[in-house]
Amino acid sequence: MRSLYWRIYLTLVLLLAAFAFGSAWLFQHQIEQERGGFDAVSRERLTAMALLLQRALPSADAPREVQAAAIGEWGQHLRMAFELLDAQGNRIGASSLFDRRQDILGARNVEIPLQDGRRIEFLRVLRPPPGFARAGQPPPPGNPAVGEPPVGRPGGPGGPGGAGGRFGGQEGEDWERMARLSDSALPRWLPVPGGPLHGTSLILVLLVLFLGVALGAFPVVRRLTRRLEVLKAGVLEFGAGQFSHRVDDSGKDEVADLARSFNRAAGQIETLLRSHQSLLANASHELRSPLARLKMAFSMLDAADGVQRQRLQDEIHTNIAELDALVEEVLLASRLDSVQRNNLDTDVDLLPLAAEEAARAGAELDVPEGLSSVRIHAEERLLRRALRNLLDNARRYGGPDISVEMTRPAGWVELAVCDRGPGVPENMRERVFEAFFRLPGHAEQAGGVGLGLSLVRQIAERYHGRVRCEARPGGGSRFVLSLPERLNQAVSA
(Lines give C-alpha, C1' and ligand atoms only; values in the text may rest on other atoms or scores of the structure.)
Protein backbone atom coordinates (compact mmCIF):
# COMPACT_ATOMS: atom_id res chain seq x y z
CA MET A 1 0.00 0.00 0.00
CA ARG A 2 1.72 3.14 -1.23
CA SER A 3 -0.54 5.85 0.22
CA LEU A 4 0.60 6.84 3.68
CA TYR A 5 -2.78 8.11 4.77
CA TRP A 6 -4.37 4.72 4.02
CA ARG A 7 -1.75 2.96 6.12
CA ILE A 8 -2.23 5.38 9.02
CA TYR A 9 -6.00 5.21 8.71
CA LEU A 10 -6.19 1.41 8.51
CA THR A 11 -3.81 1.08 11.44
CA LEU A 12 -6.05 3.37 13.48
CA VAL A 13 -9.16 1.45 12.42
CA LEU A 14 -7.62 -1.94 13.26
CA LEU A 15 -6.52 -0.72 16.66
CA LEU A 16 -9.98 0.69 17.25
CA ALA A 17 -11.60 -2.58 16.18
CA ALA A 18 -9.31 -4.60 18.45
CA PHE A 19 -10.12 -2.30 21.35
CA ALA A 20 -13.86 -2.43 20.64
CA PHE A 21 -14.05 -6.22 20.40
CA GLY A 22 -11.78 -6.66 23.40
CA SER A 23 -13.97 -4.30 25.42
CA ALA A 24 -17.08 -6.13 24.20
CA TRP A 25 -15.67 -9.48 25.26
CA LEU A 26 -14.73 -8.20 28.71
CA PHE A 27 -18.10 -6.49 29.06
CA GLN A 28 -19.99 -9.63 28.01
CA HIS A 29 -17.88 -11.76 30.33
CA GLN A 30 -18.64 -9.45 33.24
CA ILE A 31 -22.35 -9.44 32.37
CA GLU A 32 -22.39 -13.24 32.32
CA GLN A 33 -20.72 -13.40 35.72
CA GLU A 34 -23.18 -10.91 37.21
CA ARG A 35 -26.08 -12.70 35.57
CA GLY A 36 -24.97 -16.01 37.06
CA GLY A 37 -24.82 -14.55 40.55
CA PHE A 38 -28.13 -12.78 40.03
CA ASP A 39 -29.83 -15.99 38.85
CA ALA A 40 -28.54 -17.91 41.87
CA VAL A 41 -29.88 -15.34 44.33
CA SER A 42 -33.15 -15.04 42.41
CA ARG A 43 -33.71 -18.80 42.43
CA GLU A 44 -33.13 -18.98 46.18
CA ARG A 45 -35.79 -16.31 46.71
CA LEU A 46 -38.23 -18.03 44.37
CA THR A 47 -37.65 -21.34 46.14
CA ALA A 48 -38.48 -19.73 49.48
CA MET A 49 -41.57 -18.13 47.93
CA ALA A 50 -42.65 -21.52 46.52
CA LEU A 51 -42.36 -23.16 49.96
CA LEU A 52 -44.54 -20.45 51.50
CA LEU A 53 -47.14 -20.87 48.75
CA GLN A 54 -47.16 -24.65 49.26
CA ARG A 55 -48.11 -24.14 52.89
CA ALA A 56 -50.79 -21.63 51.98
CA LEU A 57 -52.33 -23.61 49.10
CA PRO A 58 -54.67 -26.59 49.42
CA SER A 59 -53.05 -30.02 49.34
CA ALA A 60 -52.30 -31.87 46.10
CA ASP A 61 -55.33 -34.20 46.51
CA ALA A 62 -57.76 -31.29 46.80
CA PRO A 63 -60.08 -30.67 43.83
CA ARG A 64 -58.36 -28.86 40.96
CA GLU A 65 -61.00 -26.10 41.03
CA VAL A 66 -60.19 -25.35 44.66
CA GLN A 67 -56.46 -25.30 43.92
CA ALA A 68 -57.02 -23.03 40.86
CA ALA A 69 -59.14 -20.60 42.89
CA ALA A 70 -56.54 -20.47 45.65
CA ILE A 71 -53.63 -19.84 43.25
CA GLY A 72 -55.67 -17.09 41.57
CA GLU A 73 -56.54 -15.50 44.92
CA TRP A 74 -52.91 -15.57 46.10
CA GLY A 75 -51.81 -14.12 42.76
CA GLN A 76 -54.09 -11.14 43.37
CA HIS A 77 -52.87 -10.73 46.94
CA LEU A 78 -49.19 -10.96 46.05
CA ARG A 79 -49.51 -9.31 42.61
CA MET A 80 -47.10 -11.89 41.22
CA ALA A 81 -47.11 -13.83 37.96
CA PHE A 82 -47.04 -17.59 38.55
CA GLU A 83 -48.94 -20.77 37.71
CA LEU A 84 -49.42 -24.12 39.45
CA LEU A 85 -48.68 -27.40 37.62
CA ASP A 86 -49.45 -30.95 38.72
CA ALA A 87 -46.90 -33.77 38.86
CA GLN A 88 -47.47 -34.51 35.15
CA GLY A 89 -46.89 -30.89 34.13
CA ASN A 90 -50.51 -30.10 33.47
CA ARG A 91 -51.72 -26.67 34.43
CA ILE A 92 -53.94 -26.42 37.47
CA GLY A 93 -54.31 -22.65 37.68
CA ALA A 94 -52.48 -19.33 37.33
CA SER A 95 -52.59 -15.77 38.53
CA SER A 96 -54.16 -13.12 36.33
CA LEU A 97 -50.78 -11.39 35.91
CA PHE A 98 -49.30 -14.60 34.54
CA ASP A 99 -51.94 -14.79 31.83
CA ARG A 100 -51.46 -11.16 30.92
CA ARG A 101 -47.68 -11.21 30.86
CA GLN A 102 -46.70 -14.58 29.50
CA ASP A 103 -46.38 -13.12 25.97
CA ILE A 104 -44.07 -10.28 27.06
CA LEU A 105 -40.91 -10.02 24.95
CA GLY A 106 -37.97 -11.26 27.03
CA ALA A 107 -40.13 -12.95 29.71
CA ARG A 108 -38.64 -16.12 31.20
CA ASN A 109 -40.23 -18.94 33.21
CA VAL A 110 -38.55 -20.31 36.34
CA GLU A 111 -39.92 -23.64 37.54
CA ILE A 112 -39.66 -24.58 41.25
CA PRO A 113 -40.67 -28.14 42.31
CA LEU A 114 -42.76 -28.58 45.50
CA GLN A 115 -42.41 -31.37 48.04
CA ASP A 116 -45.75 -32.93 47.10
CA GLY A 117 -44.81 -33.36 43.42
CA ARG A 118 -46.51 -30.24 42.14
CA ARG A 119 -44.55 -27.40 40.55
CA ILE A 120 -44.87 -23.62 40.60
CA GLU A 121 -43.69 -21.72 37.54
CA PHE A 122 -42.80 -18.08 38.12
CA LEU A 123 -42.73 -15.60 35.24
CA ARG A 124 -39.69 -13.30 35.26
CA VAL A 125 -40.05 -10.08 33.29
CA LEU A 126 -37.95 -6.95 32.89
CA ARG A 127 -38.19 -4.33 35.56
CA PRO A 128 -39.96 -1.13 34.51
CA PRO A 129 -37.67 1.67 33.41
CA PRO A 130 -36.76 4.36 35.96
CA GLY A 131 -39.11 6.85 34.28
CA PHE A 132 -42.13 4.96 35.61
CA ALA A 133 -41.30 5.85 39.24
CA ARG A 134 -43.22 8.79 40.59
CA ALA A 135 -41.38 12.11 40.69
CA GLY A 136 -39.84 12.82 44.08
CA GLN A 137 -40.67 9.31 45.34
CA PRO A 138 -37.94 6.65 45.42
CA PRO A 139 -39.01 3.34 43.91
CA PRO A 140 -40.20 0.92 46.61
CA PRO A 141 -38.03 -2.11 47.23
CA GLY A 142 -39.30 -4.93 45.11
CA ASN A 143 -38.22 -8.44 44.32
CA PRO A 144 -35.42 -7.97 41.73
CA ALA A 145 -35.51 -11.64 40.89
CA VAL A 146 -39.13 -11.61 39.86
CA GLY A 147 -39.39 -8.11 38.54
CA GLU A 148 -42.57 -7.44 40.51
CA PRO A 149 -43.52 -4.98 43.26
CA PRO A 150 -43.39 -5.91 46.95
CA VAL A 151 -45.94 -7.89 48.80
CA GLY A 152 -48.73 -5.77 50.27
CA ARG A 153 -51.90 -6.27 52.18
CA PRO A 154 -55.07 -6.33 50.09
CA GLY A 155 -56.51 -2.89 50.04
CA GLY A 156 -53.62 -1.41 52.03
CA PRO A 157 -50.65 0.68 50.86
CA GLY A 158 -48.73 -1.22 48.26
CA GLY A 159 -51.32 -4.00 48.06
CA PRO A 160 -53.78 -4.80 45.26
CA GLY A 161 -55.93 -1.78 44.67
CA GLY A 162 -54.07 0.23 47.31
CA ALA A 163 -53.06 3.85 46.88
CA GLY A 164 -49.34 3.09 46.95
CA GLY A 165 -49.37 0.24 44.41
CA ARG A 166 -46.44 0.48 42.06
CA PHE A 167 -48.45 -0.47 39.02
CA GLY A 168 -51.64 1.19 39.95
CA GLY A 169 -53.44 3.87 37.94
CA GLN A 170 -52.21 5.23 34.62
CA GLU A 171 -48.59 4.10 35.23
CA GLY A 172 -49.64 0.49 35.50
CA GLU A 173 -51.58 0.72 32.25
CA ASP A 174 -48.57 2.29 30.49
CA TRP A 175 -46.29 -0.47 31.74
CA GLU A 176 -48.73 -3.11 30.64
CA ARG A 177 -48.92 -1.63 27.14
CA MET A 178 -45.12 -1.45 26.87
CA ALA A 179 -44.62 -4.93 28.28
CA ARG A 180 -47.04 -6.46 25.78
CA LEU A 181 -44.96 -5.48 22.78
CA SER A 182 -44.72 -8.54 20.60
CA ASP A 183 -41.96 -9.66 18.26
CA SER A 184 -43.68 -8.01 15.33
CA ALA A 185 -43.85 -4.63 17.09
CA LEU A 186 -40.24 -4.54 18.36
CA PRO A 187 -37.31 -6.07 16.40
CA ARG A 188 -35.29 -8.57 18.41
CA TRP A 189 -31.99 -6.84 17.61
CA LEU A 190 -33.12 -3.58 19.28
CA PRO A 191 -32.34 -3.24 23.02
CA VAL A 192 -35.42 -3.32 25.20
CA PRO A 193 -35.96 -0.01 27.08
CA GLY A 194 -34.66 -0.25 30.60
CA GLY A 195 -33.10 -3.69 30.03
CA PRO A 196 -29.51 -4.81 29.62
CA LEU A 197 -27.78 -5.27 26.28
CA HIS A 198 -27.70 -8.87 25.12
CA GLY A 199 -25.98 -10.65 22.23
CA THR A 200 -26.89 -9.05 18.92
CA SER A 201 -27.90 -5.78 20.57
CA LEU A 202 -24.47 -5.32 22.15
CA ILE A 203 -22.69 -6.16 18.90
CA LEU A 204 -24.90 -3.72 16.99
CA VAL A 205 -24.22 -0.86 19.41
CA LEU A 206 -20.47 -1.51 19.27
CA LEU A 207 -20.60 -1.70 15.48
CA VAL A 208 -22.38 1.65 15.24
CA LEU A 209 -19.83 3.24 17.59
CA PHE A 210 -16.99 1.69 15.61
CA LEU A 211 -18.31 3.01 12.29
CA GLY A 212 -18.86 6.47 13.78
CA VAL A 213 -15.32 6.75 15.12
CA ALA A 214 -13.86 5.27 11.91
CA LEU A 215 -15.71 7.76 9.71
CA GLY A 216 -14.77 10.64 12.00
CA ALA A 217 -11.07 9.69 12.02
CA PHE A 218 -10.74 9.58 8.23
CA PRO A 219 -10.78 13.38 7.58
CA VAL A 220 -8.29 13.93 10.42
CA VAL A 221 -5.83 11.40 9.01
CA ARG A 222 -6.43 12.64 5.47
CA ARG A 223 -5.66 16.24 6.46
CA LEU A 224 -2.38 15.17 8.03
CA THR A 225 -1.23 13.17 5.03
CA ARG A 226 -2.43 15.83 2.57
CA ARG A 227 0.14 18.19 4.09
CA LEU A 228 2.80 15.53 3.54
CA GLU A 229 1.67 15.21 -0.08
CA VAL A 230 1.98 19.00 -0.51
CA LEU A 231 5.48 18.80 0.98
CA LYS A 232 6.36 15.96 -1.40
CA ALA A 233 5.11 17.99 -4.38
CA GLY A 234 7.24 20.94 -3.23
CA VAL A 235 10.34 18.74 -2.98
CA LEU A 236 9.73 17.38 -6.48
CA GLU A 237 9.27 20.88 -7.87
CA PHE A 238 12.47 22.02 -6.18
CA GLY A 239 14.28 18.99 -7.55
CA ALA A 240 13.02 19.82 -11.03
CA GLY A 241 14.96 23.09 -11.00
CA GLN A 242 12.60 25.56 -9.32
CA PHE A 243 15.16 26.53 -6.67
CA SER A 244 13.13 29.51 -5.49
CA HIS A 245 10.14 27.31 -4.61
CA ARG A 246 9.19 27.04 -0.93
CA VAL A 247 6.49 25.01 0.82
CA ASP A 248 3.87 26.11 3.33
CA ASP A 249 5.38 25.84 6.81
CA SER A 250 2.44 27.14 8.84
CA GLY A 251 1.60 25.26 12.03
CA LYS A 252 3.41 24.06 15.14
CA ASP A 253 3.51 20.29 14.65
CA GLU A 254 6.19 17.96 13.26
CA VAL A 255 5.02 18.38 9.67
CA ALA A 256 5.46 22.17 9.97
CA ASP A 257 8.93 21.65 11.46
CA LEU A 258 9.80 19.41 8.53
CA ALA A 259 8.55 22.04 6.08
CA ARG A 260 10.62 24.75 7.78
CA SER A 261 13.70 22.51 7.68
CA PHE A 262 13.14 21.95 3.97
CA ASN A 263 12.78 25.68 3.34
CA ARG A 264 16.02 26.39 5.20
CA ALA A 265 17.85 23.70 3.26
CA ALA A 266 16.35 24.94 0.01
CA GLY A 267 17.51 28.48 0.76
CA GLN A 268 21.04 27.29 1.50
CA ILE A 269 21.14 25.21 -1.67
CA GLU A 270 19.81 28.08 -3.76
CA THR A 271 22.42 30.45 -2.32
CA LEU A 272 25.18 27.92 -2.89
CA LEU A 273 24.15 27.24 -6.48
CA ARG A 274 23.87 30.93 -7.31
CA SER A 275 27.26 31.53 -5.74
CA HIS A 276 28.79 28.74 -7.78
CA GLN A 277 27.12 29.98 -10.96
CA SER A 278 28.42 33.49 -10.36
CA LEU A 279 31.85 32.15 -9.50
CA LEU A 280 31.94 30.02 -12.62
CA ALA A 281 30.81 32.89 -14.85
CA ASN A 282 33.35 35.29 -13.38
CA ALA A 283 36.13 32.69 -13.47
CA SER A 284 35.37 31.98 -17.12
CA HIS A 285 35.63 35.68 -17.85
CA GLU A 286 38.91 35.99 -15.95
CA LEU A 287 40.38 32.98 -17.76
CA ARG A 288 39.99 34.62 -21.14
CA SER A 289 42.69 37.25 -20.61
CA PRO A 290 45.62 34.96 -19.65
CA LEU A 291 44.56 32.40 -22.22
CA ALA A 292 44.47 35.05 -24.94
CA ARG A 293 47.92 36.29 -23.91
CA LEU A 294 49.23 32.74 -23.90
CA LYS A 295 47.83 32.09 -27.35
CA MET A 296 49.45 35.23 -28.71
CA ALA A 297 52.81 34.49 -27.04
CA PHE A 298 52.92 30.96 -28.41
CA SER A 299 52.05 32.19 -31.91
CA MET A 300 54.95 34.69 -31.80
CA LEU A 301 57.45 32.37 -30.15
CA ASP A 302 58.73 30.61 -33.30
CA ALA A 303 59.50 33.84 -35.18
CA ALA A 304 61.08 35.68 -32.22
CA ASP A 305 64.83 36.25 -31.84
CA GLY A 306 66.80 35.64 -28.64
CA VAL A 307 65.81 38.70 -26.57
CA GLN A 308 62.19 38.73 -27.74
CA ARG A 309 61.96 34.99 -27.28
CA GLN A 310 63.09 35.29 -23.66
CA ARG A 311 60.54 38.01 -23.05
CA LEU A 312 57.78 35.85 -24.53
CA GLN A 313 58.82 32.91 -22.40
CA ASP A 314 58.65 35.08 -19.29
CA GLU A 315 55.20 36.23 -20.37
CA ILE A 316 54.12 32.62 -20.81
CA HIS A 317 55.36 31.67 -17.34
CA THR A 318 53.60 34.69 -15.82
CA ASN A 319 50.29 33.83 -17.47
CA ILE A 320 50.57 30.18 -16.44
CA ALA A 321 51.23 31.26 -12.84
CA GLU A 322 48.18 33.55 -13.02
CA LEU A 323 46.05 30.68 -14.32
CA ASP A 324 47.33 28.43 -11.56
CA ALA A 325 46.55 31.05 -8.91
CA LEU A 326 43.08 31.60 -10.36
CA VAL A 327 42.26 27.89 -10.37
CA GLU A 328 43.56 27.49 -6.82
CA GLU A 329 41.50 30.39 -5.50
CA VAL A 330 38.38 29.22 -7.33
CA LEU A 331 38.74 25.78 -5.76
CA LEU A 332 39.26 27.30 -2.34
CA ALA A 333 36.23 29.56 -2.74
CA SER A 334 34.15 26.55 -3.79
CA ARG A 335 35.31 24.59 -0.75
CA LEU A 336 34.50 27.46 1.58
CA ASP A 337 31.00 27.69 0.10
CA SER A 338 30.42 24.04 0.87
CA VAL A 339 27.97 23.34 3.67
CA GLN A 340 30.01 20.36 4.85
CA ARG A 341 32.96 21.23 7.09
CA ASN A 342 36.17 19.24 7.06
CA ASN A 343 37.38 18.30 10.51
CA LEU A 344 40.81 19.97 10.12
CA ASP A 345 40.49 22.55 12.88
CA THR A 346 43.23 22.59 15.54
CA ASP A 347 44.50 24.95 18.22
CA VAL A 348 46.38 27.68 16.34
CA ASP A 349 48.57 30.35 17.93
CA LEU A 350 47.98 33.53 15.94
CA LEU A 351 51.06 35.35 17.22
CA PRO A 352 53.80 33.23 15.55
CA LEU A 353 51.58 32.83 12.46
CA ALA A 354 51.28 36.62 12.09
CA ALA A 355 55.05 37.03 12.69
CA GLU A 356 55.89 34.53 9.92
CA GLU A 357 53.56 36.11 7.36
CA ALA A 358 54.67 39.66 8.23
CA ALA A 359 58.32 38.67 7.79
CA ARG A 360 57.56 37.03 4.45
CA ALA A 361 55.86 40.19 3.17
CA GLY A 362 58.43 42.54 4.70
CA ALA A 363 55.83 44.12 7.02
CA GLU A 364 56.26 45.39 10.53
CA LEU A 365 54.41 43.52 13.31
CA ASP A 366 52.94 45.61 16.14
CA VAL A 367 51.91 43.52 19.19
CA PRO A 368 50.67 44.91 22.55
CA GLU A 369 53.17 44.66 25.37
CA GLY A 370 52.78 41.52 27.49
CA LEU A 371 50.91 39.56 24.79
CA SER A 372 52.73 36.25 24.34
CA SER A 373 50.11 33.90 22.86
CA VAL A 374 46.70 34.10 21.19
CA ARG A 375 45.25 30.64 20.60
CA ILE A 376 42.23 30.01 18.37
CA HIS A 377 40.60 26.74 17.36
CA ALA A 378 40.52 26.85 13.56
CA GLU A 379 42.23 25.51 10.44
CA GLU A 380 45.73 26.97 10.32
CA ARG A 381 45.95 26.91 6.52
CA LEU A 382 42.81 29.05 6.16
CA LEU A 383 43.93 31.62 8.75
CA ARG A 384 47.33 31.83 7.09
CA ARG A 385 45.68 32.25 3.68
CA ALA A 386 43.45 35.07 4.93
CA LEU A 387 46.36 37.01 6.43
CA ARG A 388 48.53 36.38 3.38
CA ASN A 389 45.83 37.65 1.01
CA LEU A 390 45.54 40.86 3.04
CA LEU A 391 49.31 41.34 2.98
CA ASP A 392 49.55 40.62 -0.78
CA ASN A 393 46.73 43.10 -1.45
CA ALA A 394 48.49 45.78 0.64
CA ARG A 395 51.82 45.16 -1.07
CA ARG A 396 50.25 45.19 -4.53
CA TYR A 397 48.22 48.38 -4.16
CA GLY A 398 49.50 50.12 -1.00
CA GLY A 399 53.24 50.43 -1.51
CA PRO A 400 56.13 49.17 0.63
CA ASP A 401 55.04 50.76 3.92
CA ILE A 402 53.03 47.88 5.39
CA SER A 403 52.40 46.96 9.02
CA VAL A 404 50.42 44.30 10.89
CA GLU A 405 48.71 45.23 14.17
CA MET A 406 47.29 42.69 16.64
CA THR A 407 44.77 43.82 19.28
CA ARG A 408 42.36 42.12 21.66
CA PRO A 409 39.15 44.12 22.17
CA ALA A 410 36.51 42.60 24.46
CA GLY A 411 35.75 39.08 23.25
CA TRP A 412 37.60 39.46 19.93
CA VAL A 413 41.02 39.09 18.36
CA GLU A 414 41.81 41.57 15.56
CA LEU A 415 44.53 41.48 12.93
CA ALA A 416 44.83 44.78 11.02
CA VAL A 417 46.92 45.08 7.83
CA CYS A 418 47.77 48.75 7.20
CA ASP A 419 49.25 50.39 4.08
CA ARG A 420 49.98 53.87 2.77
CA GLY A 421 48.40 53.49 -0.65
CA PRO A 422 45.75 55.67 -2.31
CA GLY A 423 43.06 54.14 -0.11
CA VAL A 424 39.58 52.82 -0.97
CA PRO A 425 36.66 55.19 -1.58
CA GLU A 426 34.10 54.98 1.18
CA ASN A 427 31.30 53.89 -1.16
CA MET A 428 33.39 50.91 -2.33
CA ARG A 429 34.70 49.62 0.98
CA GLU A 430 32.10 46.85 1.00
CA ARG A 431 32.29 46.02 -2.69
CA VAL A 432 36.02 45.29 -2.57
CA PHE A 433 35.11 42.02 -0.79
CA GLU A 434 32.97 40.86 -3.73
CA ALA A 435 34.39 38.17 -5.99
CA PHE A 436 36.29 39.49 -9.05
CA PHE A 437 35.68 43.14 -8.14
CA ARG A 438 38.49 45.60 -8.93
CA LEU A 439 38.65 49.29 -8.19
CA PRO A 440 38.52 51.54 -11.24
CA GLY A 441 42.00 52.06 -12.69
CA HIS A 442 43.46 48.83 -11.30
CA ALA A 443 44.47 46.92 -14.41
CA GLU A 444 45.03 43.19 -14.53
CA GLN A 445 48.76 43.82 -14.91
CA ALA A 446 48.83 44.86 -11.27
CA GLY A 447 48.42 41.18 -10.45
CA GLY A 448 45.72 39.26 -8.67
CA VAL A 449 42.51 37.76 -9.98
CA GLY A 450 39.94 39.58 -7.83
CA LEU A 451 39.29 36.73 -5.40
CA GLY A 452 41.75 37.51 -2.59
CA LEU A 453 39.58 39.77 -0.45
CA SER A 454 36.49 37.70 -1.19
CA LEU A 455 38.28 34.65 0.22
CA VAL A 456 39.23 36.63 3.32
CA ARG A 457 35.57 37.42 4.00
CA GLN A 458 34.54 33.79 3.42
CA ILE A 459 37.17 32.54 5.86
CA ALA A 460 36.14 35.12 8.47
CA GLU A 461 32.45 34.20 8.15
CA ARG A 462 33.30 30.50 8.33
CA TYR A 463 34.53 31.10 11.88
CA HIS A 464 31.77 33.59 12.81
CA GLY A 465 34.08 36.54 12.31
CA ARG A 466 34.09 39.57 10.00
CA VAL A 467 36.40 41.72 7.92
CA ARG A 468 36.15 45.43 7.15
CA CYS A 469 37.98 48.13 5.29
CA GLU A 470 38.52 51.55 6.81
CA ALA A 471 40.66 54.60 6.21
CA ARG A 472 44.05 54.74 7.92
CA PRO A 473 44.91 57.93 9.76
CA GLY A 474 47.52 59.79 7.73
CA GLY A 475 46.48 58.14 4.45
CA GLY A 476 46.12 54.64 3.14
CA SER A 477 43.83 51.74 4.03
CA ARG A 478 43.37 49.52 7.02
CA PHE A 479 41.90 46.01 6.52
CA VAL A 480 40.78 44.51 9.85
CA LEU A 481 40.14 40.76 10.30
CA SER A 482 38.10 40.13 13.49
CA LEU A 483 37.65 36.66 15.01
CA PRO A 484 35.81 35.62 18.22
CA GLU A 485 38.27 35.11 21.07
CA ARG A 486 36.48 31.94 22.22
CA LEU A 487 36.25 30.55 18.74
CA ASN A 488 35.79 26.94 19.73
CA GLN A 489 32.49 27.81 21.47
CA ALA A 490 31.41 30.04 18.58
CA VAL A 491 32.05 27.38 15.96
CA SER A 492 30.23 24.64 17.83
CA ALA A 493 27.21 26.83 18.60
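The values are calculated or read from the model by the stated rules, or taken from the named source; none is laboratory data. This one's a predicted model, so the numbers in the text were calculated from it and none came from an experiment. With ideal geometry, Cβ positions are generated from the backbone for all residues, glycine too; neighbour counts draw on all protein chains shown. Accessible surface areas use protein heavy atoms only, side chains included; no ligands, DNA or RNA. Shrake-Rupley method; radii C 1.70, N 1.55, O 1.52, S 1.80 Å.
The figures follow:
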read-out	value
Computed label-point distance, nm, for sites Thr318 and Val66 using a 7 Å Cα→Cβ extension	15.2 nm
Net charge, Ser403 excluded, C-beta distance under 13 Å - Lys, Arg +1, Asp, Glu -1	-2
Percent accessible area from carbon and sulfur atoms, region 1-84, protein chains only, probe 1.4 Å	65 percent
Proximal charge balance of Ala94 [Cβ under 11 Å; K/R count +1, D/E count -1]	0
Peptides 71-84, 308-321 ordered by average Cβ neighbours within 10 Å, highest first	71-84, 308-321
Cβ-defined net charge surrounding Gly36, 14 Å radius [Lys, Arg +1; Asp, Glu -1]	-2
Heavy-atom accessible area per residue - region 1-127, 1.4 Å, Å²	59 Å²
Computed label-point distance, nm, for sites Arg288 and Ala325 using a 7 Å Cα→Cβ extension	2.1 nm
